[in-house]
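The values are calculated or read from the model by the stated rules, or taken from the named source; none is laboratory data. Just so it is clear, the model here is predicted, and its values are computed rather than measured. A quick note on method: Cβ atoms are made from the backbone with ideal geometry, for glycine too, and the neighbour counts reach across all protein chains shown.
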């Protein structure tokens, strides 16, 4: 195993021709995210999520997940983050990460007992989702005036692909990139799960104390689901662009909270589903 890719022996078939060769595949391993309060009388660490991820940037993934789920509100609320538990004999990885929050941070462990088994297609939907966003204090982005030029937007997919080093090796990873109005990528992450790639971006911005990210856009390599809109909204990002299609709930949520939502961004074209005033 090298980094987040794994070299394996394969047989390549092309018509009648067959060739024994080697291929690189993306590594997929489970990551358990645990939370514990720093108070001396705190209970044992609580496991709140098991997500299938590409190893690397585990700290940012865990912190981004906890931030977008409303468990923490800033990096200052975190006392420590570290891997724990046994090393997996097959991968050589520690697949548990523990986040210790400061004593003054209220943690509702009962609320954290809900589903929280995440996959690349996970998420909740319907009216309950929007109600949950409002309850969590999600803020409207309507007043954010950050604008993006059309030529900047259409250039972003090529910039994303050029920077996807693991994708170029494996062809099996999603990517997310935060970029500024000039089209400069300020953070890029890859993962087998779209939601993990975005959580890694949010975690990166969180640790750099760059949230809310009102001056940035977010590009994702797949489709735009409600969950990705929710994560961008939590981070205060006013524009989400996707290479693929948006879902109906993603569009509804973007319109309700004043986010610019772009879909089918490829081959120099894109559709604007919400917030066209930010596109120049």
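Summary of computed values
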item	result
Qualifying residues in the stretch 209-222 (those that are in a loop (DSSP other than H, G, I, E, B) and within 13 Å of the chain's Cα centre (by Cα)) - the one surrounded by the fewest Cβ atoms within 10 Å (Cβ to Cβ)	222
Tally of residues being over 18 Å from residue 189 (Cβ atoms), touching a strand residue (DSSP E or B) at 6+ places or on another chain (Cβ under 6 Å) and assigned to a helix (DSSP H, G or I) across the stretch 223-252	2
Within the stretch 253-278, tally of residues that are surrounded by fewer than 18 Cβ atoms within 10 Å (Cβ to Cβ) and part of a helix (DSSP H, G or I)	4
The lone exception for residue 57 - which of (1) out of contact with any helix residue (DSSP H, G or I) (no Cβ under 8 Å at 6 or more places or on another chain); (2) on the phi > 0 side of the Ramachandran plot; (3) modelled with pLDDT of 85 or more it fails	(1)
Residues of the stretch 223-234 classified as modelled with pLDDT of 95 or more and surrounded by fewer than 24 Cβ atoms within 10 Å (Cβ to Cβ), total	0
Filtered residue count, the stretch 266-280, keeping only those that are over 15 Å from residue 225 (Cβ atoms) and in contact with a helix residue (DSSP H, G or I) (Cβ under 8 Å, 6 or more places away or on another chain)	7
Residue in the stretch 90-107 that is modelled with the highest pLDDT, counting only those that are loosely packed, with under 13 Cβ neighbours inside 10 Å and under 18 Å from residue 31 (Cβ atoms)	92
Filter result (assigned to a loop (DSSP other than H, G, I, E, B) and either modelled with pLDDT of 75 or more or surrounded by fewer than 12 Cβ atoms within 10 Å (Cβ to Cβ) (or both)) within the stretch 1-54	4, 15, 16, 27, 28, 40, 41, 43, 44, 45, 54
Hey, residue 190 touching a helix residue (DSSP H, G or I) at 6+ places or on another chain (Cβ under 7 Å) and either buried (at least 17 other Cβ atoms within 10 Å of the Cβ) or in a helix (DSSP H, G or I) (or both) or not	yes
